[in-house]
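K.L.:
Pasting in a structure now, in structure tokens, and then I'll have a few things to ask.
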Amino acid sequence: MDAELVARLRAEMDYEEARTAPPEGFPRFPDLPAGRYIDPAFFELERASIWSRSWMLAVHADELPEVGSFVLWEDAGAPVLIVRGQDRKVRAFYNTCRHRGAPVVRERSGQVSRLRCQYHSWTYDLEGRLVAVPDACDFVDLDRSCRALVALRCESWGPWVFVNQDPGAAPLLESLASIPEEMREFEPQSLRLVDKHGFDLACNWKVAIEAFLEVYHLKHIHPRSVNQLLDHRRSAMGLLRGGHSRMVTAKRPERVGEAEVPQGLPDIPGVGTLARITNVAYFAFPNLVTPLDSTGFPFLLFWPRDIRRTRMEVLWFGPCWEGDELPAFWKQFIPIFDVVLREDTENLAWIQTSLDSAGFRGVPLGYQERRIYHFHEQVDRAIGPERIPEVLRVESCVGPYVERPR
């Protein structure tokens, strides 16, 4: 973060601690309609308009270490093959042979020299070109150049590989607004993949994400864990274009010294003072949450399995270490963090049940929950408000509070 942004965030945290009401003129949010979480037609609009047209994190470069390394990625719905080519470039293709649609890989990951259809052995090179067809003489006027694997947009932010099924989407780094520039001090290119695991949640994907977009809940859900470290009254929230957002929450001064690095902990040396004495957390629309720390940090990804089920995936990244053995710090710390995640998510199945109740009429959000309303406004923009029944739309309220590019 540059000095101007750091100074502004410090001032905003001071303001938040001192305020006794929302800023003058801040709007009253209309209730979020309950149907946004339980209406099957709305869920189908999301599936067709968000998950097929957004940039989504698929893999980390460590998962594709060599030429021919591949990962079969299906989190966004369609089966996608992500592979490192002979030129070491990472590409994404639908895992669909151009003959009769059989997969060209079946394993979740591996390494190959060619991509071979599992049905009739049509064969493609690592760049997706059709290079071999058994009994090719039987196919009249077969033009192999027109039968390459169908590619998807595939672009990287540092070591993180994103995929987008929309060929007309804006470039990845442009779509992420100011997040890559603000996170530069965390030295993404130097980070290794530490761990990857996940949890199944019995709730709508938006219910799951919303649990991580505010700190209003800290003293109630995390009284003996996160609330002991973070002061929720000193939380500066920024609404970024594209539905993205930032939340910078001060660590309690008695728990951490100014920019101190405890001995023996992993450390990302480029991280500045502010990010060492606060928790900086970003949300990248549609489904990525990352609470940052100078020791390393997770990406939390939320994948809808159906209208009432979500898979939360947790990917940990840390500064490079010598050898292949995982440092002892991560073996101890990740299970502790998982306990915090369980605290964050233990109410979600109960909430989803309540959403189906006639007693649930809508969600009244407060000023501390403005990132949630901003998120919902972007959901509607992604779908197209004119396609959403009026009773399920959200009113545009936060536009004047979205940060403008500097």
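A short reminder: the numbers here are calculations on the coordinates, not readings from a lab. None of the values given here were measured: they were computed from a predicted structure. Virtual Cβ from ideal backbone geometry, glycine too; neighbours counted across all protein chains shown.
K.L.:
Tyr119: net charge of surrounding residues, Cβ under 14 Å, Lys/Arg +1, Asp/Glu -1, itself excluded?
P.N.:
+3
K.L.:
Taking the chain as a Gaussian network, Cα atoms linked when under 10 Å apart, which of Ala61, Ala148, Ala76 shows the biggest mean-square fluctuation?
P.N.:
Maximum fluctuation in the GNM of the chain, among the listed residues, is at Ala148.
K.L.:
How big, on average over all directions, is the shadow cast by the Cα convex hull of the stretch 60-164, in nm²?
P.N.:
With every direction weighted equally, the projected area is 6.5 nm².
K.L.:
Where the Cα atoms of the chain are projected onto their three principal axes, how long is each span, largest first, in whole Å?
P.N.:
Cα spread of the chain along its principal axes, largest to smallest: 79, 55, 40 Å.
K.L.:
Hey, what number do you get for the chain at 222 nm if only DSSP H runs of n ≥ 4 count, each worth -39500 (n - 2.57), divided across all residues, to the nearest 500?
P.N.:
-6500 deg cm²/dmol
K.L.:
So, one more: Take the chain, connect every pair of alpha-carbon atoms lying under 10 Å apart with a spring to form a Gaussian network, then pick out the residue of Arg192, Arg91, Arg108 with the largest mean-square fluctuation.
P.N.:
For the chain, modelled as a Gaussian network with Cα springs under 10 Å, the answer is Arg108.
K.L.:
Would you mind telling me which residue in Ser235, Ser175, Ser357 has the biggest mean-square fluctuation in a Gaussian network model of the chain, where springs connect alpha carbons within a distance under 10 angstrom?
P.N.:
Largest GNM mean-square fluctuation: Ser357.
K.L.:
Compute the separation of the alpha-carbon centres of the stretch 277-342 and the stretch 83-161 and state it in Å as a whole number.
P.N.:
So the two Cα centres are separated by 32 Å.
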